[in-house]
Each structure stands twice: as C-alpha cells, then as structure tokens.
Amino acid sequence: MAETVKLDALVVGAGFAGLYMLHKLREQGLSAQVVEAGKGVGGTWYWNRYPGARCDIPSVEYSFSFSPELERDWRWSERYAPQPEILAYLEHVADRFDLNRNIQFETRVTAAQWDEAATYWHVETDRGQAYTAHYLILATGALSAPNLPDLPGLDSFTGTVLHTAKWDESVDLTGRNVALFGTGSSGIQVTPELAKRAAQLTVFQRTPNFAVPAGNHPLSDEYLAEIAPQLPGLREQARQSPLGFFATPSPGLAKEATADARAQRLEQHWAAGTTGLLLAYEDLLFDEESNSHAAEFARSKIAGQINDPETARKVTPQGYPLGSRRLCSEIGFYDALNRDNVAVVDVREEPVTQITGDAIQTSDGTYPADVIVFATGFDAVVGAINAIDIRGEGGRSLREEWADGPRAYLGLAVAGFPNLFTITGPGSPSVLSNVVLSIEQHVEWIAQCLSDLDARGVTRLEAQADAEQEWMEHSDAIAQQTLFPRANSWYHGRTRDGRRVFLPYLGGCGAYRDKCNAVAADNYAGFDLGRD
Ligand code: NA7
C-alpha cells in the first residue's frame, strides 16, 4: 500500500479547469496535485478524438486569457479549432507552465471522505494511492461522463462498439456497415466523416436538432495581427457579457421587425455561422413569438438542403424553440444525408426492438451493422462528480443528496461538504457560456478565496444551506423567464422522483461574476468560516 500523500489541495481532472487550477495553486505556494484518468492532459479534448471533432466557439475566445505571453505565442489555425489542435494547445500549456510533474495520470479518484477532526479530505484512487488534502477541487468537467443507452440485446452484438467521447483511433471504418446513435453536436460532426469511410451508414436519430453551417475557415495572419491588440478589451467585454462571448445580440425584437427586414437579418446571421443565428435579435431566447420566426427560418434552411422529402421531414426539428437545446454547428452534415450510402432512422417512429450479433432490428426493419457508434452524449454537469463516492460531514453522500436535485451555492460549493469546490458546477454559467472564460473565473475566485482564508487564519469553509437554497431558487427563477424550459435537453438534470432541475445559471456571466466577487468582498457571505 502506497504511503498517503499530504497536500494542501487535490484537484480532480486535467482539462482546461484542472490545469489552470494547478498553476494558480502552485503560484500561491500551495502543495497541489492533479489526479487524471487519461494518459495525458486535455480532459474532454483528450477523450473526444472522433473524426470531425472540433470546437463550436471561436478558437481565439475558447482559450486562456490569463497569460498574455501564452496568448501571443499560440497561433490558432482555424476559426473553430479541430480537436487535435485544442489538445496540442493544452499540452503546450502543461509544458509551458511545467504542470505535468504534479499530475498523476491514468488514475481515477474513486472516493473522498471529509475528516472533520483533521479538517481535511481523505481521497482514494483506483490505483490504491491515497491522499489527504485540505481542499478538494473538482475540475471534472461538465461533459465528461459518457451516456451509453441501454438497448435491448446490445451485449450480444459481436461487432465493434465505439463512443464518440471514448474514441478508439485504431478502429478502421473503411467499407464497414456503421450504425450511429445520436444527432447532437457530436453525432452531427461525426456523420460526414463516417459517411466518407463506411459502406453504409445508418443514423439512428431520436430528436432532430437545429444545425447551422459552422462558417469555419482558416485564420489569416492579417486577421490575427488585427485582433491581437484588441484582445484584452474584447476579453474584458466578454467577461461582462451575458454568455461570455465577444459577439453580443443585435438590437431589436424579432416580433417587431417587418417580415422583409427579419428575413434579411436572419439570413445575415445564418451566414455568420454557428451560434450567430441566436444573436440576430435580443429576444430570441426569451420570446416565443420572436423565436418562432427564427425557428421557422432555420427549418426552411434545413429542409432546403436535403433532397429526399422523407429524410427532410425526419431531420427537421419541430416542437421546441430554436436554441432551447444546444444549437449545433455543421460542416457537411446535411450534405452527407444526401449520399446514397446514408439513411436516417427515426427511433421515435421506428423504435429499436433488438440488437443481434450483426444488426440493429427496429419495429420496421433490420439494419446490418459491423460497428455501432454511440454519440449519445453525457450525464452533463453532475455525472463525473457523482461517479466519485464523496462523503461530507457526518458521512453524508453527495451522490445521494444530488439525487434529490443537484445544488451548489454559486455553483461553487455544497452545503455539508466543507472545503470542496466544484468548477463549473450546477448553478453556475458553465455549459451555457464560453466555458473557458467561466473556468478562468471560477479558478481565479477559488484561488483568491484560499489566499483570503489563509490570511485570516480560516481553515474551514462551508456553504450555508439556506444561501445555497436561495441561490438555486434564484437560478431556477431566471431559467423560467427564458425559453430553455420548453425543451427536453441535457441542460436539465433529473431528480430521483423525475423532477427536472435546470443546471446552468442564466443570469449572465457579468452579473454572476459580480455576485461572486461581492460574496468574497462581504467576508464570504453565505459561507460558514471556521478556525482551528
Ligand atoms: P448530446 O448533445 O447530448 O447528444 C446526444 C444525442 O444522443 C442526442 O441526439 C440524443 O437524443 C441521442 N440519444 C441518446 N440516447 C439515444 C438512443 N437510445 N437512441 C437514439 N439516440 C439517442 O451529446 P453530444 O456529445 O452530441 O454533445 C454534447 C455537447 O458537447 C455539445 O452540445 C457541445 O457543447 C459539446 P435526445 O436528444 O436525447 O432525444
């Protein structure tokens, strides 16, 4: 049995959040260690190696701002960087700040217990390594615990099973019959790549999503030179903006515009690519009537790209507002559906009844399959945290408590679980923002908090239950003012009794940042502070 390692802070996960957290902790002179399941850094960008994987936030925004030198030295090649480039960036960050020496790779944290008498967390891993850490920081990622659907007979399938979030690059798909499940961002990105390689690709779709052309292109030296001096200002503007992006919504309400003006503006924003469409008017995520104009526009754009009317009907989204589920970004998805070797099966109309050794059987037919690709998403926001058996005060289980509704004060800390932080946890902007910007804000807030506590001789910090409750109610009230609750999406968590909980905070990145800063300035209002 390895000796227990004593730390000031243990960080779980070596993605964007864990890397920056480690850097900040070490800068403050704290002993810190990251424990990471992968063989290398990168988090979600380490695992999601499927062909076509790329970011849907512009690369220059989806990157760290804390180091002007890093920003100056790294050159993004495309507007939306492909996965290998984002992974290379994170490897560069780890090398540049000499982070790897404090990362334990290929190791999973399995359990953590709070020891009240000693004021530390006792942390266990699947490698038998144990740690004690005064602070436990969960940088586990909001989209990192993959969902595998429970399909009848899946165990009897004799072919290869892949998940986009655990891709195996050694599998050759050339000339194979491929069944793809899922048409979210990952399914939409991987479809054209699978279609190019496979003999036959069958796309099993449950809910059609809206997808907008990515508008991806190489970044020219001229563009990068022009934007470089503007970056500090743009970054600051993004920090104060609703969603953490450089671009903000165009003024005006869609429902008040004339039909011609609206058509023209929607056309421009469609051409701008990706989430640009949601910025066409101020009220698209708030007003049903305005949203319906944009949704109708998007539906006609989608249907217009597909040759077969039956396929067009299947993949054209209906019944939920545009943007209330993640707006997807596509490069060749709808074109791929026009290929002779690609078919779409709507599993709501034609459910899967049985998977056999070499086929998918539905209520209407049999589809041969050598490979099944699951692009079935993640147990979002809470899944990777719930995978760890976390026991707080008096042995209470975080997983058990979150089964009644995920909650965290400011999305950062949980009542009953002292000295524990959740980077991009439930109740913070997280997945409904530029997540790198939100990660930086959380990391910097936590680092400042630890420094303040140390300066004041505080050794124990715990969110108050009523402050947490009030925060989650406030977060929910804001979500209810938007169109997000009108759709089923992974933005909602589910309680054990089936209630939906909206997970991200929608009050705006700027307002959220101000609130976090005000809490810190007010001697960490809403937290109980304890001294030995
Ligand atoms: P998503 O967006 O959660 O997509 C998962 C997809 O898988 C979605 O279309 C699901 O349909 C579908 N799904 C799940 N189970 C099944 C079954 N049993 N049959 C058919 N289809 C199924 O995950 P992604 O990985 O695409 O993207 C996640 C985020 O990562 C993305 O938004 C970016 O922020 C990065 P459903 O919609 O549940 O009906």
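The values are calculated or read from the model by the stated rules, or taken from the named source; none is laboratory data. These numbers come from a predicted model, not from an experiment. Here the Cβ is made from the backbone with ideal geometry for all residues, glycine too, and neighbour counts use every protein chain on show. Please note that ligands, DNA and RNA were not included when accessible areas were found on the heavy atoms of the full protein model with its side chains. Shrake-Rupley method; radii C 1.70, N 1.55, O 1.52, S 1.80 Å.
Descriptive notes on the structure:
- Antiparallel bridges, percent of DSSP beta bridges restricted to the chain (to nearest 5): 40 percent
- Stretching I478 away from E288 to a fully extended chain increases their span by 66.8 nm, per 0.36 nm per residue minus the current alpha-carbon distance.
- Taking the C-alpha atoms of segment 154-374, convex hull volume expressed per residue in Å³: 158 Å³
- Listed peptides 319-328, 214-223, 133-142 appear in the order 133-142, 319-328, 214-223 once ranked by packing, highest mean of other Cβ atoms within 10 Å at the front.
- Placing a pseudo-label 7 Å from each Cα along the Cα-to-Cβ vector at R206 and F105 gives an inter-label distance of 3.4 nm.
- Gain on full extension, evaluated as 0.36 nm per residue between D452 and T495 minus their Cα-Cα distance, stands at 11.9 nm.
- Ligands, DNA and RNA left out, the accessible area of the chain computed with a 1.4 Å probe is 48% carbon and sulfur.
- At full extension, Y367 and A465 could sit 30.1 nm farther apart than now, given 0.36 nm per residue minus the alpha carbon distance.
- The distance between label points at A261 and S170 comes to 6.1 nm (points 7 Å beyond Cα on the Cα→Cβ vector).
- Taking N as the residue count of segment 284-351, its C-alpha radius of gyration divided by 2.2 N^0.38 Å amounts to 1.20.
- Antiparallel DSSP beta bridges within segment 154-374, as percent of all bridges there, nearest 5: 20 percent
- Taking every protein chain into account, the accessible area of segment 402-507 amounts to 32 square angstrom per residue (probe 1.4 Å).
- Angle of helix 288-303 to the longest C-alpha principal axis of the chain, folded into 0 to 90 degrees and rounded to 10: 50°.
- Mean ellipticity per residue at 222 nm, deg cm²/dmol - from DSSP H runs of n ≥ 4 across the chain, formula -39500 (n - 2.57): -9500 deg cm²/dmol
- R127 versus E393: modelled label distance in nm, points set 7 Å from Cα along the beta carbon direction: 3.4 nm
- FRET efficiency estimate (nearest 0.05) - Cβ-Cβ, A88 to L529, R0 35 angstrom: 0.25
- Note on the chain: Cα-Cα pairs beyond 35 Å make up 36% of the total pair count.
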